[in-house]
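Notes to accompany the following structure.
The values are calculated or read from the model by the stated rules, or taken from the named source; none is laboratory data. The structure presented is a predicted model; accordingly, all values stated were derived computationally and were not measured. A quick note on method: Cβ atoms are made from the backbone with ideal geometry, for glycine too, and the neighbour counts reach across all protein chains shown.
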Amino acid sequence: MFHLCCGSKQLLDPDKVDVVHRLDKEKCLTLEEFRLIKIHMSIHIWRLALHVKVRQRVIATAITYFRRVYTSFFDATLIGAGTSSSDEKYRFEIKDILEMEMKVLEALDYYLVVFHPYRPLLQLLQDANITDLTQVAWGLVNDTYKMDLILIHPPHMIALACIYIACVLKDKDLTSWFEELRADMNIVKNIAMEILEFFEYCRPDPKNNILLPEDRINAALNKVAAKP
């Protein structure tokens with residue numbers, strides 16, 4: 001039987017995560033635009049990292065760093081830069097990247113440890129004897145990085161929520177297994193609902209790419225990049 005463990009000490013209060021920064025408010029950025037920026041930048045990091053063939057967990061760590069930084073610390077240069085690799089105004093030299101790296105490290109308070117749901121996911125799938133759901137559940141875990149779940153919930157709870165959704169999608173009944181785990185199913189179901197609500201908000205295309213309204217993204221990024 002898989003033993004559930006405690007989450008990271010870096011977990012944040014949900015009420016402090018989904019909040020527009022004071023400087024953003026001064027630029028009239030709405031909560032919806034704030035959320036769109038986080039989704040957009042998470043997808044952008046993912047695509048950029050895949051382009052240079054970075055491992056999946058490294059990508060997930062980078063996105064987590066971004067979300068931690070944008071939640072606890074504001075600097076328009078951290079958000080406005082790099083949204084379009086083909087645009088001349090977003091081209092940087094190594095010294096610029098190194099300078100930005102120090103800003104990110106400072107914003108993270110030099111705490112770089114990230115616990116991901118991937119390992120507990122594989123352990124839980126094996127424990128439940130449903131390794132045939134690995135691909136579906138793994139894909140769901142990947143999608144959770146387009147949300148703030150990694151900042152709020154312990155990794156094993158996110159993994160359980162993804163397994164719960166995968167079981168529903170594949171019509172598998174694991175009620176007794178979940179009961180044996182003694183996990184808080186209210187939390188698991190709430191996380192699952194948040195994941196499903198995300199897909200309602202950002203419907204993927206036939207190739208499973210998340211489609212965001214480009215005009216609204218550009219409008220939000222322009223607000224962030226604008227000088228006070």
Requested in this report: State yes or no: is Met1 at pLDDT below 80, in a helix (DSSP H, G or I) and among the hydrophobic types (A, V, I, L, M, F, W, C)?
Outcome: no
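The rows are residues; the columns are (1) hydrophobic (A, V, I, L, M, F, W, C); (2) out of contact with any Asp or Glu (no Cβ under 7 Å at 6 or more places or on another chain); (3) modelled with pLDDT of 80 or more; (4) under 27 Å from Tyr118 (Cα atoms).
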site	(1), (2), (3), (4)
Cys5	yes, yes, no, yes
Leu23	yes, yes, no, no
Leu48	yes, yes, yes, yes
Val54	yes, yes, yes, yes
Thr64	no, yes, yes, yes
Asp75	no, yes, no, no
Leu78	yes, yes, no, no
Glu88	no, yes, no, no
Requested in this report: Could you grab the pairs with beta carbons closer than 8 Å, sequence gap of 6+ or different chains, first residue in segment 59-71 and of a type in the set (Gly, Ala, Ser), second one surrounded by 22 or more Cβ atoms within 10 Å (Cβ to Cβ)?
Outcome: Ala60/Tyr145; Ala60/Ile150
Query raised in the report: Taking into account only those residues within segment 179-200 that are closer than 18 Å to Ile39 by Cα, surrounded by fewer than 14 Cβ atoms within 10 Å (Cβ to Cβ) and not hydrophobic (A, V, I, L, M, F, W, C), which is modelled with the lowest pLDDT?
Result: Glu200
Query raised in the report: Could you count how many residues in segment 169-178 are surrounded by fewer than 13 Cβ atoms within 10 Å (Cβ to Cβ), touching a residue at least 24 places away in the same chain (Cβ under 8 Å) and assigned to a helix (DSSP H, G or I)?
Result: 1
Query raised in the report: Going by the structure shown, is Leu151 under 13 Å from the mean Cα position of the chain (by Cα) and either in a loop (DSSP other than H, G, I, E, B) or within 19 Å of Asp13 (Cα to Cα) (or both)?
Result: yes
